[in-house]
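Asker: Have a look at the structure that comes next, please.
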Amino acid sequence: MQSRLLGEGLLRSWFVTLEPGDEVMEGLSSFAVRESIDVASFTAIGGLEAASLGFYNVQTKGFDDVKLDPEQVEVLSLMGEITFDEGNPWVHAHVVVGRRNGTTSGGHLLRGIVQPILIVTLNELPHALEPHHV
Amino acid sequence: MQSRLLGEGLLRSWFVTLEPGDEVMEGLSSFAVRESIDVASFTAIGGLEAASLGFYNVQTKGFDDVKLDPEQVEVLSLMGEITFDEGNPWVHAHVVVGRRNGTTSGGHLLRGIVQPILIVTLNELPHALEPHHV
Amino acid sequence: MQSRLLGEGLLRSWFVTLEPGDEVMEGLSSFAVRESIDVASFTAIGGLEAASLGFYNVQTKGFDDVKLDPEQVEVLSLMGEITFDEGNPWVHAHVVVGRRNGTTSGGHLLRGIVQPILIVTLNELPHALEPHHV
């Protein structure tokens, strides 16, 4: 186990509303860059008209594609963190989507096109200290 | 994409515990009114003895009913926001529920009757500034 | 409905990163004890190589086992709270897991072995006041 104390309290909080046609990963990345967010945690609900999901393959250390029919889905939960690696934003997000009949699928979000809206509660956390093993 | 800077830090935080027979949407709405909460974000886990779920229909801009057998379910995740529109609370919540055999369903929560408990972590956010397109 | 006002603002926030082989419930419990966290709320995403899930049985007030094939799964959402009862940490967590084909299952997390990582955003909340019925 490692932990990073992120400091006391939160810094800025936003509702970020992605709109029809916005791509989720790109939207969150560009938002983090523009607002100079260093570390953030987020949760979101809304809908997507298209999504690409991955399943982390422990052997290849890459993502296998998750088969998902192209259709409008509810975003039942989307959560993750944004960090920066050498100046580049890294959005790490897992999603559960719901279909018209209530069935669900999920995975690591690779790409999602918003329809009609995605409402993201994004909390900026104080700059992470160096991790330490605990 | 739009964003609303919700200010720095959070205001008040609560554990709101809904009890057997409480209806979720009504409970959260009345709580927000009573505590004069303007904007809040929440996550919750617990259980429901009955739930009505919807699927947003992009064409009709209404909710289609999601068929869900009436049975006790776990609330595996419930998340969303509370905002006010002309003085009326608007609770926007998506849920993933789990059955006895571990299978899941989900959708936009229209109505849920708590059994035996629903524990809501509710964070009041500073008053939203006007949204701006980004 | 009961609520506990948890005070204004948050106290400390962490990213707690659980590593391969770490057990989730034990990891979060020991972390809470070591950091003298009294009340906390958390969300997490990552992966598990093994998990035991329960379904709360309203009649027996215990957990029925949820059948889950032993396999690597994504943690699509893990959320809950940590409280203390007479000095003992109580981690209450519900999880939705995803399989290689995108299907999902979920329940009350009884035990989970991390692989390759579980990233937990953990927010310490001010000491809970006595609950009051509302």
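The values are calculated or read from the model by the stated rules, or taken from the named source; none is laboratory data. Fair warning: this is a prediction, and the values are worked out from it, not measured in the lab. Quick reminder, even Gly has a Cβ in these numbers, built from the backbone with ideal geometry, and neighbours come from all protein chains shown. The protein model used for the area step is the full one, side chains on, heavy atoms only, and it has no ligands, DNA or RNA in it. Shrake-Rupley method; radii C 1.70, N 1.55, O 1.52, S 1.80 Å.
Asker: What do you reckon, is C:Arg100 open to solvent by 50 Å² or more (accessible area, probe 1.4 Å) and at pLDDT 95 or above?
Answerer: Yes.
Asker: Taking strands (runs of 3 or more DSSP E) that fall entirely within segment C:19-124, which contain at least 3 residues that are under 12 Å from the mean Cα position of the chain (by Cα)?
Answerer: It comes to C:39-57, C:73-85, C:88-98.
Asker: In the set B:Leu118, B:Leu122, B:Leu68, which member is at pLDDT below 95 and closer than 18 Å to B:Ser13 by Cβ?
Answerer: B:Leu122
Asker: Do you know which residues across segment B:17-62 are under 22 Å from C:Val96 (Cα atoms) and among the small types (Gly, Ala, Ser)?
Answerer: Hits for segment B:17-62 are B:Ser41, B:Ala44, B:Gly46, B:Gly47, B:Ala50, B:Ala51, B:Ser52, B:Gly54.
Asker: Check segment C:75-89 and report whether any residue there is more than 9 Å from chain B (Cβ to nearest Cβ) and in contact with a His (Cβ under 6 Å, 6 or more places away or on another chain).
Answerer: No: segment C:75-89 contains no residue that is more than 9 Å from chain B (Cβ to nearest Cβ) and in contact with a His (Cβ under 6 Å, 6 or more places away or on another chain).
Asker: Which count do you get for residues in segment B:37-62 that are in contact with a His (Cβ under 8 Å, 6 or more places away or on another chain) and charged (D, E, K, R)?
Answerer: Matching residues across segment B:37-62 total 1.
Asker: Quick test for you: out of B:Ala40, B:Ala50, B:Ala44, pick the one residue that is surrounded by fewer than 23 Cβ atoms within 10 Å (Cβ to Cβ) and within 22 Å of A:Ser77 (Cα to Cα).
Answerer: B:Ala50
Asker: Let me ask something else. Going through B:Phe31, B:Phe55, B:Phe15 one at a time, which residue ends up being within 21 Å of C:Tyr56 (Cβ to Cβ), open to solvent by less than 50 Å² (accessible area, probe 1.4 Å) and not aliphatic (A, V, I, L, M)?
Answerer: Of the residues listed, the single one that is within 21 Å of C:Tyr56 (Cβ to Cβ), open to solvent by less than 50 Å² (accessible area, probe 1.4 Å) and not aliphatic (A, V, I, L, M) is B:Phe15.
Asker: Same structure, new question: (1) surrounded by fewer than 16 Cβ atoms within 10 Å (Cβ to Cβ); (2) farther than 18 Å from C:Glu19 by Cβ; (3) of a type outside the set (Val, Ile, Thr); (4) in contact with a strand residue (DSSP E or B) (Cβ under 7 Å, 6 or more places away or on another chain): which one isn't true of C:Arg111, the others all being true?
Answerer: That leaves (2) as the condition not met.
Asker: Would you mind telling me which numbered condition in (1) in contact with a strand residue (DSSP E or B) (Cβ under 6 Å, 6 or more places away or on another chain); (2) open to solvent by 10 Å² or more (accessible area, probe 1.4 Å) C:Phe84 fails?
Answerer: Every condition holds for C:Phe84 apart from (1).
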